[in-house]
Amino acid sequence: MSFALPPVLRRVAPQVVTLVAVCVLVTLFFPGFLDLRLSDGRLVGPVIDIVKRSAPVALLAIGMTLVIATKGIDLSVGTTMAITGAVAAWCLDSGLGVGPAVALAIATGLVCGLWNGGLVAIIGIQPIVATLILMTAGRGIAQLITEGRILTFNDAGFAWFGSGAILGVPVPAVIWVVTGVALALLMRRTALGLLVEAIGVNRRASAIAGVNATVLLIAVYVASGLCAAFAGIITTADIRGADANNAGLWLELDAILAVVIGGNSLLGGRFSIAASILGALIIQTIDTGILLAGFPSEYNLVIKAALVVIILVLQSPQFMAEVFFWRRFGRKNLAPDTVKEDAR
Amino acid sequence: MLLTIRSLTKTFPGTKALDGVRFDLRAGEVHALLGENGAGKSTLIKCLTGAYRPDAGEIRLDGQPIAPRSTSEAQELGIGTVYQEVNLLPNLTVAQNLCFGREPRRFGMVSSREMKRMAQDMLSGYGIDVDVSRDLGTYSVAIQQIVAIARAVALSGKVLILDEPTASLDAREVEMLFDVVRGLRDRGLGIVFVTHFLDQVFALSDRITVLRNGCHIVTEDTAALDRVRLIEHMLGRALEDEVEHRAVDHGVAGPVKPEMLAFDAMSRRGVVEPFDLRIAKGEVVGLAGLLGSGRTESAELLFGIRGTTTGTARDEVGPVRIDSPRAAIAAGFGFAPEDRKTDGIVADLSIRENIALALQARRGWARPVSRTEQARLAETYIKRLDIRTSDAEKAVGELSGGNQQKVVLARWLAMNPRFLILDEPTRGIDVGAHAEILRLIHELTAEGMSLLVISSELDELIAVSDRVIVVRDRAHVAELTGADVTTETVVRAIADHGREEVA
């Protein structure tokens, strides 16, 4: 059972196996799933489509992983996407240009993060309540910015963030890969990862050990806000318009699901950004796969839910312990001698 | 024989927690289960209560082999357990707690009148005066403990396991609890009593079983064992001197140590009255007082965990800022807290990470303590403090209490602080680790570190302290130095009702 895998790979192994299994499953129903070709200097194919489409959830999941590692949760990320998208669209609509639009959108994400972080770390409101405030109020703010309509724009420069390509790879995919790698490296090459995990497990003990828990807590919500801003920019660029009502709607839940599929505990502590991203890819593969496999669209949510349940049950340590117990129990009845060998 | 255990074995990755252990419990006896931290007491109890499944061996209750798979199954079989931390719901009434899960029903609804009567029945004979319709949380821990016992006895009724029941009780409450336990013994229950307080073992138990490193060492009648032999059984080596008593010679005034830190008029309204404190280099100051007298609170002011209303701190050079733990650490302070579960350890992280945590926090996130450096630190302190673990990557939460305490100590020693506050450093720790920690205190002061030690165990406090400050009713009321430092003077100062203000 025990391969000599490096710890990082051992950590993400269940998610990799799941992703491969889901891909195999989809390929059985839709043989062309793994097709890949070059068209107009771009890679195209279902797999590339998935990598591109998973951008918003993957980005949200990256930030959400850090927040959840501190025993928190950020329900406002979907709304933050809507606000940042609205800000970007408003900038373009007012003729400010691409640079200011991106800068202001990112600044907006930062402010949203600071707001959440302040409520949680300084005022001490429970994360689920604190971020619920922005989740509900934020849609209103986004509507005020778009003045209640869908704010469209025609700016090829900005649209590049949604539909452009770098070396044949879609820009959204590049953005989430770069963000994920950068944050993961930042966490693991510095001591941030350890400190975040420490405050997630025991904030009080960490503070007594001298960890600046308040600043760190604010920082993870800011990181989450920034990731949401990137996601907001991508979505807005993709549809060339800002829809305050629907942009990022319910995506916070997909992001949380991605983190959970990634095997990160909602109780905080140990985290893996890579595993959360794999979680996001798994969700998107299921979504796309169901469509490709040709099931009527009304089955989508049910099939998705069923698959998610299966994945989570297989990942549950309690379930696995039970399985091992019964397997050992079964063998004990057959050959008591071999069991002693195993116990060692 | 009420309960017999034969060749019980339980293995965890890297350690054999129980190795062919046997244990007998008669009806109508109190049987003390003793051993150092990590000797296997908890594992044995968890096997009995169904929290663990043993790998091999046999448990018989009334001659019938049993294999409880959960706590509730063990309860139904007749084995009830009461833990140090009361496992009841403080926000429900006493009656609701007692009848939880088997509420008397009338027309499908819970009948509160019937429930009250049932609860009163269950508590009768325990000699406590409790209004069963009040919330459990409004009563003292001792009363809650007795309620927990009453519940366990009513549910199970054959075997009662008391796991460190007295750890957070004062002397009077301990006596009250013991009366209850003796009553139950006389009613024919078999009682397993786990504790670190040897005095209580001799006061209460009929027989003693000692475990060491997962093995059964000895079972004997309490009357046939003396204290020294018992400790030798627990440690597995002959004892030169139980605790290195009188290590500090209070009679002789040594060379005057240079003053290092001075705290003036430290106070927090409603928590601690203003007090002054001088600490010399290499000095150990003891802080004595009852639980809740303001001992821990004083320490928390000094370490910046609680804000001060008034007060200043300075060292040889000038003022020192201690308005947060971070500031206090920057000033060279360290603090090993009393409640190590909530304030000390970061349970899910490894021993290595826990030891490196404070060092890392001081260095800042951008300059990580490298993996090799962390491993070296862990290696050093696992050896120096004799932390019992299979390896440094084990989560601290899986260690026994004494070893967790050593990890917290290691965290601060790695910082090489000039002033270290130890709040109850030996609470819940076995004799072996106890002596080691006292020895460590001597070593540290010899290296020039100053210490503030808080402890409820006066003998121990007096043995290590150059000076003892007595805290009573949130005020520092007396300071004893030199030959005045004896158990008797300290006790008198704690008990003294004439309030001569010293601070």
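Are any of the residues in segment A:22-44 closer than 22 Å to A:ILE175 by Cα and under 18 Å from the mean Cα position of the chain (by Cα)? No.
Within segment B:306-321, the set of residues being in contact with a Lys or Arg (Cβ under 9 Å, 6 or more places away or on another chain) and of a type outside the set (D, E, K, R) comprises B:GLY307, B:THR308, B:THR309, B:THR310, B:GLY311, B:ALA313, B:VAL320. When A:GLY210 is tested against (1) crowded, with 22+ Cβ neighbours inside 10 Å; (2) assigned to a helix (DSSP H, G or I); (3) within 14 Å of another protein chain (Cβ to nearest Cβ), only condition (2) is not met. The lone criterion from (1) outside any helix (DSSP H, G or I); (2) closer than 30 Å to A:ILE48 by Cα left unmet by A:GLY148 is number (2). Looking across segment B:416-459 at every residue that is touching a helix residue (DSSP H, G or I) at 6+ places or on another chain (Cβ under 7 Å) and polar (S, T, N, Q), the one that is modelled with the highest pLDDT is identified as B:SER455. Of all the residues in segment B:332-361, those that are surrounded by 15 or more Cβ atoms within 10 Å (Cβ to Cβ) and at the interface with chain A (Cβ under 7 Å from one of its Cβ atoms) number 14. Would you check if there is a residue in segment B:231-238 being of a type outside the set (Phe, Trp, Tyr), part of a loop (DSSP other than H, G, I, E, B) and in contact (Cβ under 8 Å) with a residue 40 or more places away in the chain? Taking every residue of segment B:231-238 in turn, none turns out to be of a type outside the set (Phe, Trp, Tyr), part of a loop (DSSP other than H, G, I, E, B) and in contact (Cβ under 8 Å) with a residue 40 or more places away in the chain. So, A:LEU25, is that one in a loop (DSSP other than H, G, I, E, B) and open to solvent by 60 Å² or more (accessible area, probe 1.4 Å) or not? For A:LEU25, the condition - in a loop (DSSP other than H, G, I, E, B) and open to solvent by 60 Å² or more (accessible area, probe 1.4 Å) - is not met. For segment B:395-411, residues that are more than 14 Å from chain A (Cβ to nearest Cβ) and either hydrophobic (A, V, I, L, M, F, W, C) or surrounded by fewer than 20 Cβ atoms within 10 Å (Cβ to Cβ) (or both) total 1. For segment B:457-471, residues that are of a type in the set (D, E, K, R), touching a strand residue (DSSP E or B) at 6+ places or on another chain (Cβ under 8 Å) and under 16 Å from B:VAL491 (Cβ atoms) total 0. Restricted to segment B:310-322, and to residues there that are without any contact (Cβ under 8 Å) to a residue 24 or more places away in the chain and over 21 Å from B:ILE454 (Cα atoms), the residue that is nearest to the other protein chains (Cβ to nearest Cβ) is B:ARG321.
Pick out the one residue from A:LYS71, A:LYS52 that is open to solvent by 50 Å² or more (accessible area, probe 1.4 Å) and more than 16 Å from A:LEU216 (Cα to Cα).
Of the residues listed, the single one that is open to solvent by 50 Å² or more (accessible area, probe 1.4 Å) and more than 16 Å from A:LEU216 (Cα to Cα) is A:LYS52.
From the list A:ILE128, A:ILE83, A:ILE68, exactly one residue is touching a Phe, Trp or Tyr at 6+ places or on another chain (Cβ under 8 Å), part of a helix (DSSP H, G or I), under 16 Å from A:SER224 (Cβ atoms) and hydrophobic (A, V, I, L, M, F, W, C). Which is it? Checking each option against the conditions leaves just A:ILE68.
Identify all residues within segment A:91-133 that are of a type in the set (A, V, I, L, M, F, W, C) and surrounded by 24 or more Cβ atoms within 10 Å (Cβ to Cβ); write none if there are none.
Across segment A:91-133, the qualifying residues are A:LEU92, A:ALA101, A:ALA105, A:CYS112, A:VAL120, A:ALA121, A:ALA130.
Quick grid of which residues meet (1) under 17 Å from A:LEU59 (Cα atoms); (2) modelled with pLDDT under 95; (3) open to solvent by 50 Å² or more (accessible area, probe 1.4 Å):
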site: A:LEU217; (1), (2), (3): no, no, no
site: A:ILE233; (1), (2), (3): yes, no, no
site: A:ASN245; (1), (2), (3): no, yes, yes
site: A:TRP250; (1), (2), (3): yes, yes, yes
site: A:ILE286; (1), (2), (3): no, yes, no
site: A:LEU292; (1), (2), (3): no, yes, yes
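Note on segment B:426-484: residues that are in a strand (DSSP E or B) and closer than 23 Å to B:LYS281 by Cα amount to 15.
The values are calculated or read from the model by the stated rules, or taken from the named source; none is laboratory data. From a predicted model like this one, the values you see are computed outputs, not experimental measurements. Glycine also receives a Cβ, built like all others from the backbone with ideal geometry; neighbour counts cover every protein chain displayed. Heads up: the accessible areas ignore ligands, DNA and RNA and are worked out on the full protein's heavy atoms, side chains in. Shrake-Rupley method; radii C 1.70, N 1.55, O 1.52, S 1.80 Å.
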